[in-house]
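Worksheet: one structure, shown below.
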Amino acid sequence: MALLEVLGLDQPAEALYFILVDNLPLTVAELARRTGIDHDAVAAAMVRLEDGGLVSRLPGSPASYTALPPEHALEVLLLARERDIQRVRALTERLTERHRDARRDRDSSSLIQVITGRDGVARCGQQLFNRAEKEIRGIDAPPYAEARDGARVNSAAVIEGRGVRSRFIHARDSLNTPGAMERVEVDIAAGEEVRFLPEAPMKLIIADDQAALIPLLATPQVLDACILVHPSALLDALSTLFESLWAQAQPYMPGRSGPVGEDEFVNDEERRIISMLAMGMPDESIARQLGIGYRTVQRRVQALLTRLGAASRFQAGVLAASRGWWRPDAEEQAAGEGRHAEARGPGR
């Protein structure tokens with residue numbers, strides 16, 4: 001692909017322009033010899049370059065061509081292309097309004113679309129992530145959309161670095177699969193906000209309040225059929241449902257090790273156990289996440305309870321934080337939510 005193709009130059013024209021930038025004026029015949037491009041093709045390309053304001057034809061017989069200063073010539077083309085892009089964007093807005101007006105009075109069935117097939121569902125979910133400009137919200141629960149090549153749809157990987165806020169509610173049961181907590185922590189590190197509920201009512205993805213994706217069946221065994229919901233009362237209801245569940249859900253704060261006493265030591269595994277205890281996760285789930293045996297987890301949990309003098313698992317998390325064994329990242333999460341609220345501005 002030609003580097004200057006975005007400015008309307010094809011490969012031969014670009015090659016000829018680069019030659020002229022590096023050399024004194026050259027004739028069509030000299031350019032043809034240097035580049036190996038057909039003489040007539042060179043002549044036609046020079047006309048295009050001259051019309052575009054990139055080169056100037058000098059008097060003489062035969063005529064020769066010289067490159068004009070790139071900082072001015074290319075800037076003119078860039079400004080022209082930017083004006084074209086602005087006109088296309090304005091046209092897109094007008095066409096979008098016409099599209100909405102044409103469907104406003106149509107049958108309500110136009111407000112939903114059934115997506116079938118594993119590839120179709122995965123592709124639709126990926127498109128929602130890609131098109132989001134402000135915020136992605138969702139409820140994460142198995143089964144998961146997976147494309148034919150085996151790649152799982154992932155929100156954090158798509159929105160990272162784009163300034164798009166991502167909030168996801170996870171069902172606590174979803175942590176029963178090995179490695180689930182590690183994946184969640186990777187998503188959190190990428191900027192995703194995560195909360196947990198004991199149970200999730202459904203899977204859900206909402207992109208910018210413009211579209212939502214939900215399973216066709218209430219309890220699917222395989223995610224091969226979904227409903228794509230367009231702006232409507234149903235989409236408003238799904239948005240309200242998410243916000244209600246988000247307010248009830250428990251934030252997950254991975255935490256970090258804090259300074260402990262001279263005679264105390266808390267390793268990374270113990271820190272993770274404490275954080276999962278604070279979430280109310282059972283020993284079986286903790287064992288799966290850490291990749292160790294169930295009885296080993298039981299022994300380590302009991303040892304932590306004894307060391308802390310805790311009467312309950314939740315109290316262990318509180319006492320560990322108070323003693324500096326574990327510091328939940330609550331302040332960082334609150335600061336992040338404040339930044340997102342400031343970026344959204346009033347009226348939301």
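The values are calculated or read from the model by the stated rules, or taken from the named source; none is laboratory data. Because the structure is a prediction, the values reported are computed rather than measured. Using ideal geometry, Cβ is built from the backbone for each residue, glycine included, and neighbour counts are taken over all protein chains shown. Surface areas here come from the heavy atoms of the whole protein model, side chains and all, with no ligands, DNA or RNA. Shrake-Rupley method; radii C 1.70, N 1.55, O 1.52, S 1.80 Å.
If you rank Ile273, Ile115 by how much accessible surface each has, with a 1.4 Å probe, what is the order from largest down? Provide the component values of the computation, followed by the final result.
Working: Ile273 0, Ile115 20 Å².
If we order Ile273, Ile115 from most to least accessible, we get Ile115, Ile273.
Taking every protein chain into account, the 1.4 Å probe leaves Tyr65 with about 20 Å² of accessible area, to the nearest ten.
When the accessible area of region 185-253 is computed with all protein chains present and a 1.4 Å probe, what percentage of it is carbon and sulfur? Please report the intermediate quantities before stating the final value.
On the way: 1880 of 3110 Å².
Solvent-exposed carbon and sulfur of region 185-253 make up 60 percent of the total.
Please state the relative contact order of region 7-91 as a whole percent: Cα pairs under 8 Å, 6+ residues apart? Relative contact order, region 7-91: 29 percent. Spin-label model, Gln86 to Ser312: label points 7 Å out along the Cα-to-beta-carbon direction sit 6.2 nm apart.
Largest first, what is the accessible-area ranking of Glu243, Glu192 with a 1.4 Å probe? Each step should come with its number before you reach the end.
On the way: Glu243 65, Glu192 10 Å².
Descending accessible area places them as Glu243, Glu192.
Note on surface exposure: Val47, Val42 rank Val47, Val42 by accessible area, highest first, 1.4 Å probe. Given a 1.4 Å probe and the protein chains as shown, His230 ends up with an accessible area of around 60 Å².
At 1.4 Å probe size, with every protein chain present, just tell me what the per residue accessible area of region 203-244 comes to in Å².
Working: 1880 Å² over 42 residues.
On a per-residue basis, region 203-244 sits at 45 Å².
The calculated FRET efficiency for Leu216 paired with Arg33, based on their beta-carbon distance and R0 = 51 Å, is about 0.20.
Accessible surface of Phe314, taken over heavy atoms with a 1.4 Å probe and every protein chain present, rounds to 130 Å².
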